[in-house]
Amino acid sequence: MQYQTADSWGFYVPMRSRNMEDPLERVAKLASESAVVIFTLSGCCMCHAVKRLFCGMGVNPTVYELDHDPRGKEIERALMRLLGSSSAVPAVFIGGKLIGSMDRVMASHINGSLVPLLKEAGALWL
């Protein structure tokens, strides 16, 4: 079930826990359910900045706050493996494909490749 919060970060979705589901499979499934998906931690400043970037562009991402999920640590470890980094968040998926963390998103925005990705995924119509 999706619900929109009072702020304008897009959709915050409570993650349902399945005991037997592999964390990497869960990430792939969640990432493919919306045009733009961001895995975050509620107190992370880079997460806040990437959400502001997308919202400022008129994109309403689906946001998964890992610190609000009972299995969030498992998802964090899976994201660290996918990103090849010691930091799992923010992790941005567009059109079900991993774009990366804040540095990759900003580089894509600066070099002009972010908007075409968003259009292709159906997240941006302009």
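The values are calculated or read from the model by the stated rules, or taken from the named source; none is laboratory data. What you see is a predicted model, and the numbers here were worked out from it, not measured in a lab. When we count neighbours, we look across all protein chains shown, and the Cβ atoms used for this are built from the backbone with ideal geometry, even at glycine. Each accessible area value is taken on the protein alone, full model and side chains, heavy atoms only, with ligands, DNA and RNA left out. Shrake-Rupley method; radii C 1.70, N 1.55, O 1.52, S 1.80 Å.
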Identify the residue in the stretch 16-31 that is open to solvent by 30 Å² or more (accessible area, probe 1.4 Å) and more than 14 Å from Lys97 (Cα to Cα) and, among all such residues, is modelled with the highest pLDDT. Asp22
Would you be able to say whether some residue in the stretch 63-79 is out of contact with any Leu (no Cβ under 7 Å at 6 or more places or on another chain) and either closer than 20 Å to Leu118 by Cα or of a type in the set (Ser, Thr, Tyr) (or both)? yes
Within the stretch 95-104, identify whether any single residue is touching a residue at least 24 places away in the same chain (Cβ under 8 Å), in contact with a Phe, Trp or Tyr (Cβ under 8 Å, 6 or more places away or on another chain) and not β-branched (Val, Ile, Thr), and answer yes or no. no
Between residues in the stretch 51-75 that are at positive phi and residues that are assigned to a loop (DSSP other than H, G, I, E, B) and buried (at least 18 other Cβ atoms within 10 Å of the Cβ), which pairs lie under 8 Å by C-beta distance while being six or more apart or on different chains? Gly58/Leu124
The stretch 94-103: number of residues that are modelled with pLDDT under 95 and not small (Gly, Ala, Ser): 2
Which condition number in (1) modelled with pLDDT of 95 or more; (2) more than 15 Å from Cys47 (Cα to Cα) is the one that Ala91 fails? (2)
Please go through the stretch 83-100 and pick out each residue that is over 11 Å from Ile38 (Cβ atoms) and under 13 Å from the mean Cα position of the chain (by Cα). Leu83, Ala88, Gly95, Gly96, Lys97, Leu98, Gly100
